[in-house]
1. How fast does the stretch 231-292 diffuse by Stokes-Einstein, in µm²/s, taking the Kirkwood radius from C-alpha pairs at 4 °C and 1.567 mPa s?
2. Just going by the charge dipole of the chain, with Lys and Arg at +1 and Asp and Glu at -1 on Cβ, which of Tyr244, Ile360, Gly232 is farthest out on the positive end?
3. In µm²/s, what is D for the stretch 67-119 at 37 °C and 0.692 mPa s, where D = kT/(6 pi eta Rh) by Stokes-Einstein and Rh is the Kirkwood radius from Cα pairs?
4. Got a sec? Charge dipole of the chain, +1 on Cβ for Lys and Arg, -1 for Asp and Glu; which of Thr110, Asn166, Gly456 is way out at the positive end?
5. Along its principal axes, what span do the Cα atoms of the stretch 125-164 show, with the longest given first and each in whole Å?
6. Would you kindly give the portion of the calculated P(r) for the stretch 54-198 that falls above 28 Å, as a percent of all Cα pairs?
7. Students sometimes get this wrong: rank Glu131, Glu280 by accessible area, probe 1.4 Å, all chains present, largest first.
8. Within the P(r) computed for the stretch 138-189, what percentage of the Cα pairs occupies the region above 19 Å?
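The values are calculated or read from the model by the stated rules, or taken from the named source; none is laboratory data. The shown structure was predicted, so the numbers you read here are calculated from the model rather than taken from an experiment. Note that each Cβ is placed from the backbone with ideal geometry, even for glycine, and that neighbours are counted across all protein chains shown. Accessible surface is based on the protein model in full, side chains and every heavy atom, while ligands, DNA and RNA are left aside. Shrake-Rupley method; radii C 1.70, N 1.55, O 1.52, S 1.80 Å.
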Amino acid sequence: MAAKPTYEELDLRVKELEIKLADAKQPLEKSEEKYRQLSDSLPQIVFETDEKGNLTFMNRVAFDILLYTKEDFEKGLNALQLLIPEDQDRALKNIQRVLKGEKSSGNEYTALTKDGRRYPAMVYSTPVISEGKSVGMRGIVADLTDVKRAQKALRESEQKFRLYFNNAPIGYQSLDENGNFIDVNRTWLRMLGYKREEVTGRWFGDFLHPDNVDLFKTAFPKNKEVHCVISGDEFMLRCKDGSYILADYTFTIARDDHGNFVRTHCMFQDITQRRRAEEELLKAKKMESVGVLAGGIAHDFNNLLSIIIGSLSMAKEDIKQGINISGLLDKMEKASLQARDLTHQLITFSTGGDPVKKEIAVGRFLNESVLQALSNTHIKCDFLISEDLWPVECDEAQLRQVIRNAVDNAVEAMGDDGAIEVWAGNLTETGESSGCERLLQEGKYIKISIHDQGAGITKEDLSMIFDPYFSTKERGTLKGMGLGLAAAYSIIKRHNGHIAAESQVNMGTTIHIYLPAISAKRPGETDAVMPGEARDASPEYVLEQSTIQRVLVMDDEEMIRDLAQQMLTRIGCEVEVAWDGVEAIDLYKEAVASGKPFDLTILDLTNSGGMGGIDTIERLLKIDPHVKAIISSGYSNDPVMGNFKQYGFCGALPKPFTLKQLEKVLGKAMD
């Protein structure tokens, strides 16, 4: 039998066990200290309980928030004491679930501090397992005060936004990447008369006018790629009752953090009534302009007719008495020519016709045109024309009319005394210019400026200087027609150019003309005009009577047919007349069949009740490929008159015409 340990041996073993126990407790204490330091560093409450819910651990934040002391903790606190009474039964059930091992994603309660303050809290907890069974739970309590405050602010903001959204005076819609409706506001629904369920999810194109669908198909994919506000798109929206409204849209694109498309934000205003009002105002202004134009034309033509009729009445009396009437005839001729010029201005301003363009050297042309316009005045001219001007393509006759009108305007402003300055140079527009150039598209231009030393034009009048029959001068055929600059504006616009005016009272007026340049000047060319250099004289054509024997005239106006017949007879021609193309073709066939064909045919371009000149020449060319025909028209700027060869004619005779002009055209046609 083993001997019993002595007292000394037992004491030694106890000391050894105490040392081992101390060594074992040291890591545990370090671990507990780390756990406490970690839990104390968290901004949330960290806690542990036993299986009855009694608190066995609370971090520093728990004491700070809940206001309990360590003495309170040591006396004993239950987790349910930290909640309002209304939440305690629900919390107890949740604690029991946790202890049973059921998963919990968090439970929201109203926490209660020692001083009775309440605040919203979220409790996240898990069971504490020891030897395979739940002996309590540990968890974290998050203060939801800031979250609840933010949620409340968000709700209020959303309510406010929804209030503004639905009661805004403009329509709003949101589209997905396919152009389908995500949302619309009440204003949108009220404007078009639909219910929300009739719109949401449908394609925007279903609510557009058929003429706008293709526009949307084209514009929407492009708009999705834009990273800025898009405004100015107009669409016709179909209302539920079948009517349409005109909507002016502004688009913005919502994108995610990666820049990917999320949705569109589209706002629009119903501008139907505004557009109708604008159209009515435009109609009123047009009627006002027509009234001014008609009044001006009537005034000027009455003045001219007064000269013609008055001189004619005097001539009748003088003839009876054997008095020479050549002076009166000169007055009538001059008035008639002014009426012709006025008619040409009107045609240019109204229908005009496409310019018959050809390449010209601007410097020489400008010099000739200005000097010609100043030929009967005492006005001097200073030319400042660049020697390296780019050429332009233009209708020479129309551009000469523009220069003449601008120079006439300058002369009338100065009262036949003083000097004008004519400047011309190259201009490259980059889109960054200001002033007159800001309206030009990018590209190369020739700029022509004509400056006078007149009294200038007020700011109010300057804005109307290109209006028809607007004039700061006394009205009358000798004081300015009020159509010159309006016709110039029309011509320059048809040349894809721009015309503008600058003026200051007592500082004179400058007319700026911009014409697109076609290329750099070719080597060896120059626009410089040498001093004293004269214009080339136009070739004169003398019509030999033996050249043309028989002439056919087609015109729907009897008086013009008679006049043309008299003129042609006077220069020795045998003449037959027809009122339309069908009759002219019959007469032409008869003449060919009889062996007495016509040497020349003069055809009126338009016919009020029958076949006109274009159809007639096409049929005559089939009958006789060598037919010689001249086209005649009061629409002197019609493209056919400028491009007569393309239509099968050998000449053009603008109305009205004199005997000399008729002879000249006939001579050119037979040359």
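1. Values: Rh = 14.5 Å.
For the chosen part, D equals 89 µm²/s.
2. Among Tyr244, Ile360, Gly232, the one farthest towards the positive end of the dipole of the chain is Tyr244.
3. Values: Rh = 12.3 Å.
D = 267 µm²/s.
4. Farthest towards the positive pole: Thr110.
5. Per principal axis, max minus min of the Cα coordinates gives 62, 15, 6 Å.
6. Values: 4783 of 10440 pairs.
Of all Cα-Cα pairs in the stretch 54-198, 46 percent lie more than 28 Å apart.
7. Working: Glu131 185, Glu280 105 Å².
The ranking, largest first, comes out as Glu131, Glu280.
8. Numbers: 706 of 1326 pairs.
That fraction is 53 percent.
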